[in-house]
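Since every read-out is calculated from the coordinates, none of them should be taken as a lab result. Everything numeric in this text was worked out from a predicted model, so none of it was measured. Here the Cβ positions follow ideal geometry from the backbone for every residue, glycine too, while neighbour counts run over all protein chains shown.
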């Protein structure tokens, strides 16, 4: 499905937005502040009352650490998990829904200045599945506590918005737990999982990753079967962290729209980074009818306004119908947005930069809801 592109959108809207910006209003807690007037900030709050908003990739309160025994020094550096408090911040900030993402390869990862985040070993027998079940139990406990509500359908997300609650859509970053057991895809769907980032930092049996040398040359035969099974049961295929070759292969196999949940298109003259994607890479996702989530990371961004530029650059590249927000909260790299209580500043800035209300509504949540609806027959999506 080809999207309609509108070349020059960002430049034209930028000039319109700057002309209307008005007084400067520093936003506490945001690197560098933001050029929004009090009236524009209030417009962002009003927008969230009227429209469903979705974060398509997040780790609120680092819930994935709950129940970890004998954590490594790296995990200890994260501090104790605080998912209840994080969910409260999401409710206060009027976030309708977050894709609460477990981390499949968490137990394998270490950080070094030379290599960044990387896997140091392979899984022991049964380890990946056991860690998946631990993290799903944590998410179920979060919903049972009332801090968040079940977000497995667009209907439940809409109800959460109406009630001022936050819906937790279960997601997993890394398909490692599937191993070669295709039946685990259907089991994950039964567990409430609605999105799987098929690769992460561990080179698994599904495909290659952006931050390591290629091993498979794209999506593996098993990976193709997993994509087909995810399409069959109704789980979003997320190609964040996947190489261009893997993304092409997924798009060739997929029968439903694809997600790239947290990345950005590199700006002209910006330093290259493996986690950024080219406009052509992003368009492969958009041409499935899919969505690319813009992330507020410290990769070629140093302040909140840089992130807004990244969102607008994505709109230029793939069209407003194919852009979403994926914060990677609370496990982001040098984030330029760190507090869900300031969620309203995102639509405020987009509106100030010239987006119409309808366009901002698509970016803030409408595109994500459409993506969810497209994964399964209507009767299943609305259960």
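When DSSP beta bridges are restricted to pairs lying wholly in the chain, around 15% turn out antiparallel.
Working note: 222 nm ellipticity from helices only, DSSP H runs with n ≥ 4, each -39,500 (n - 2.57), summed and divided by the residues of the chain, gives -11000 deg cm²/dmol to the nearest 500.
Divided by 2.2 N^0.38 Å, where N counts the residues, the Cα radius of gyration of segment 299-353 comes to 1.11. Between residue 50 and residue 373, the FRET efficiency from the beta-carbon distance, with R0 = 25 Å, is close to 0.80. Principal axis analysis of the Cα atoms in segment 288-331 yields extents of 29, 20, 12 Å, listed in decreasing size. Restricting the calculation to alpha carbons of segment 97-176 gives Rg and Dmax of 15.7, 47 angstrom. Extending each Cα 7 Å along its Cβ direction at residue 39 and residue 270, get the distance between those two points in nm, one decimal. About 3.2 nm separates the two model spin labels.
Both radii were evaluated on the Cα set of segment 142-252; the Rg over Rh quotient, with Rh as the Kirkwood radius, amounts to 1.05. Gyration tensor analysis over the Cα atoms of segment 253-383 returns equivalent ellipsoid semi-axes of 24, 18, 14 Å (largest first, whole Å).
Report note on the peptides 125-131, 347-353, 278-284: ranked by the mean count of other C-beta atoms within 10 Å, highest first, their order is 347-353, 278-284, 125-131.
Output the 0 to 90 degree angle, nearest 10, between the alpha-carbon long axis of helix 304-318 and the longest principal axis computed from the alpha carbons of the chain. Between helix and principal axis, roughly 80 degrees. When its C-alpha radius of gyration is set against 2.2 N^0.38 Å (N residues), segment 216-271 gives a value of 1.25.
A Förster distance of 45 Å, applied to the separation of the beta-carbon atoms of residue 112 and residue 255, puts the FRET efficiency at 0.65.
Computed from the Cα positions only, the extents of segment 151-190 along the three principal axes stand at 41, 16, 9 Å, in decreasing order. On the principal axes of its alpha carbon atoms, segment 9-381 extends 60, 46, 44 Å, with the longest extent given first. Which distance in Å, rounded to a whole number, links the C-alpha centroids of segment 301-325 and segment 182-223? So the two Cα centres are separated by 26 Å.
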